[in-house]
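Right, one structure below, let's go through it.
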Amino acid sequence: MSHTFHIPVLGLGFSIDTPLKVAQYGISSAISIVDDDLIERMRDYHTKKNNEPYVAIKKSSPDSRARRITAYLNLVNDIVNTQFENLKAEAFDAGSNLCRYFELLPENSQLKQGYELMMEYPDCERKTIFQNILRRKMVKGSIDVNIMAKVDKMNFTADGEYMGDENTDALASLRSFAESNLQSSVVLSAGMNPRLYSYLEKFDCFFPDKTGSLNKKITLKVSDFRSAFIQAKFLAKKGLWVSEFRIESGLNCGGHAFATEGFLLGPILKEFREKEVLC
């Protein structure tokens, strides 16, 4: 990773297109994929903004929720890829987006230190070689998605017929991510949903390939060690890996009401450190 921080999900809409602003600079962020109506409107906006044809996916069309979200995630990924390639093609001129990429890196980054050393070089062939090495070392920020596991409304047809477990809000959102062309993480938050967690094993992309690499990763947002351990154990029994835990306490995060004793982040992290041998 280029940076030591990420931009977390910010409600349903505040980080809905954050990757389009920061991913080209190597900064990771998370998109909420709960509100498919908002997502479809954002796809309309960004498709037209980038001079691409927009074909609406109507709410009444089959599997519309998953298809809308998948289409938006693919659009964001394509735009970010284009932004990143255009950025790498720029010259190392003062004030350019290419220079900004390196200047935003933390001070202890070897890549930033290499950039600062390169900028002191006189113009020559070695400087050009150095610049090309720096370009090859650049990485995009990850386009992660967030699903609030227990926000899992059941859906019905216009005739009142239940559309099935795989078309509840959370499961359709997960399917949309699994079928997208993103290579990033799904961040599962707001508690454990056994039905959603079991649905993960339906998709090969969440399992390691022959080399041990994961096309799509699982990240759990948890309130304490006990929650992390229970959820990770449930997934491990299905052969699924948890790549990362993101921790938030009920006192540090005013937007949630956790069923905990209200410990601050420090004691929670201490418990993780003391019990990590169990993981």
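The values are calculated or read from the model by the stated rules, or taken from the named source; none is laboratory data. Note that this is a predicted model, so its numbers are computed, not measured. Counting neighbours? That spans all protein chains shown, and the Cβs are built from the backbone with ideal geometry, glycine included. For the accessible areas, the whole protein counts, side chains as well, though only heavy atoms, and no ligand, DNA or RNA atoms are used. Shrake-Rupley method; radii C 1.70, N 1.55, O 1.52, S 1.80 Å.
Being under 14 Å from the mean Cα position of the chain (by Cα) and touching a residue at least 24 places away in the same chain (Cβ under 8 Å) is a description that does not apply to L196. Of the residues making up the stretch 24-35, not a single one is in contact with a helix residue (DSSP H, G or I) (Cβ under 7 Å, 6 or more places away or on another chain), part of a helix (DSSP H, G or I) and within 18 Å of S176 (Cβ to Cβ). In this entry, D152 passes the filter for residues that are more than 18 Å from C205 (Cβ to Cβ) and surrounded by 14 or more Cβ atoms within 10 Å (Cβ to Cβ). Checking every residue in the stretch 63-80 against the condition of being out of contact with any Pro (no Cβ under 8 Å at 6 or more places or on another chain), surrounded by fewer than 19 Cβ atoms within 10 Å (Cβ to Cβ) and in a loop (DSSP other than H, G, I, E, B) gives at least one match. Within the stretch 64-82, residues that are of a type in the set (K, R) have Cβ atoms under 8 Å from residues that are not in a helix (DSSP H, G or I) in these pairs: R65/N155; R67/I57; R67/S61; R68/I57, counting only partners at least 6 apart in sequence or on another chain. Annotation note: of N86, N108, the sole residue that is open to solvent by 30 Å² or more (accessible area, probe 1.4 Å) and part of a helix (DSSP H, G or I) is N86. Screening E166, E161 for residues that are within 23 Å of the chain's Cα centre (by Cα), under 30 Å from D35 (Cβ atoms) and open to solvent by 40 Å² or more (accessible area, probe 1.4 Å) leaves exactly one candidate, E166. Within the stretch 199-211, residues that are in contact (Cβ under 8 Å) with a residue 12 or more places away in the chain and farther than 15 Å from L171 by Cα have Cβ atoms under 9 Å from residues that are open to solvent by 20 Å² or more (accessible area, probe 1.4 Å) and assigned to a helix (DSSP H, G or I) in these pairs: F207/E201, counting only partners at least 6 apart in sequence or on another chain. No other residue among I133, I147 is modelled with pLDDT of 85 or more and open to solvent by 20 Å² or more (accessible area, probe 1.4 Å) apart from I133.
Please pick out the residue among P19, P8 that is crowded, with 21+ Cβ neighbours inside 10 Å and not β-branched (V, I, T).
Numbers: P8 fails: crowded, with 21+ Cβ neighbours inside 10 Å.
After ruling out the rest, the residue left standing is P19.
Scanning the stretch 195-211 for residues that are farther than 18 Å from A232 by Cβ and not hydrophobic (A, V, I, L, M, F, W, C) returns K202, D204, D209, K210, T211.
Of everything in the stretch 111-129 that is outside any loop (DSSP other than H, G, I, E, B) and open to solvent by 40 Å² or more (accessible area, probe 1.4 Å), the residue that is farthest from V139 (Cα to Cα) is E125. When we screen D35, D44 for residues that are modelled with pLDDT of 95 or more, over 28 Å from L134 (Cβ atoms) and among the acidic types (D, E), the only hit is D44.
The single condition from (1) open to solvent by less than 60 Å² (accessible area, probe 1.4 Å); (2) within 19 Å of the chain's Cα centre (by Cα) that E179 fails is (1).
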